[in-house]
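Below you'll find the structure, written out as structure tokens, and then a few comments.
Values in this text are rule-based calculations from the coordinates and carry no lab data. What you are looking at is a predicted structure, and each value in this text was computed from that prediction instead of being measured. All Cβ positions, even for glycine, are placed from backbone atoms using ideal geometry, and neighbour counts span all protein chains on display.
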């Protein structure tokens, strides 16, 4: 499976600020996915990031709040903008590697105070 | 759009009991199916997956799941659970057309009493 390095692993942020989460994959992948797992909840897909094009956002998520960059085939960032306590969650990136299925990053645990 | 439904929100069993967790999906095309487990305070771990072939798939830690296409189901089973199986279990589906995004069910919390 692909190895995904995600950072930071955790952060505590003030409301109104922004945090950028980085995801580095050890090999080239076409699509990268960003998920959010709110406390006690399942994983919800935020967006799909293709290299060279704008990310595709799921219902309920908008680019102004969660801008995504995908500058090359091994790297992506997700920014959580103008944070509020409701944004406190674990954010994960994921890639698909054909028949090997999906690999997930270790996650970023965000607490907004 | 694809969706996944897990019927059991919280299941409580005693050790050695048999387990079956329900999962149904909605999607009009061909799918891949997954079960993930998340132990308390830990990351997601893949239990098993179905891509094609034998609809009965075996995974790690003695788990298995059966894909019943006519019922759009992919239920997870284990004949005899252990206290260490206490965890959150997630069913997930990806459609093979388009972006192949993985969509998760809402999860089932499994508590095993010793």
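Here the contact order of chain B, divided by its residue count and restricted to Cα pairs under 8 Å and six or more residues apart, works out to 38 percent. Using R0 = 35 Å, the C-beta based FRET efficiency linking residue B:60 and residue A:63 works out to 0.35.
In this simple spin-label model, placing a label point 7 Å from the Cα along the Cα-to-Cβ direction at both residue B:18 and residue A:81 gives a separation of 5.4 nm.
State the percent of C-alpha pairs, over all pairs in chain A, separated by a distance greater than 23 angstrom. Here the long-distance tail beyond 23 Å is 21 percent of all Cα pairs in chain A.
From the Cα gyration tensor of segment B:57-114, with a ≥ b ≥ c the square roots of its eigenvalues, which class applies: rounded if a/c is under 1.5, or else prolate if a/b is larger than b/c, or else oblate? Because a/c hits 1.5 or more and a/b exceeds b/c, segment B:57-114 counts as prolate. In percent, rounded to a whole number, the relative contact order of segment A:4-107 is 35, using alpha-carbon pairs under 8 Å and six or more apart. For a modelled paramagnetic label at residue B:113, 7 Å from Cα along Cα-to-Cβ, the residues of segment B:5-19 in reach, with backbone nitrogen under 18 Å, are B:9-19.
The ranking of A:64, A:11 from fewest to most other beta carbons within 10 Å of each one's beta carbon is A:64, A:11.
Listed from fewest to most Cβ neighbours within 10 Å, the set A:62, B:11 follows the order A:62, B:11.
Treating each Cα of chain B as an identical point scatterer and summing with the Debye formula, the log10 of I(q)/I(0) at q = 0.16, 0.18, 0.21 Å⁻¹ comes to -0.68, -0.85, -1.14.
Calculated on the Cα set of the protein assembly as shown, radius of gyration then Dmax: 17.7, 53 Å. In the frame of its principal axes, segment B:4-62 has Cα extents of 37, 25, 23 Å, reported largest first. Per residue of peptide A:92-100, the mean number of Cβ atoms on other chains within 10 Å of the residue Cβ is 2.
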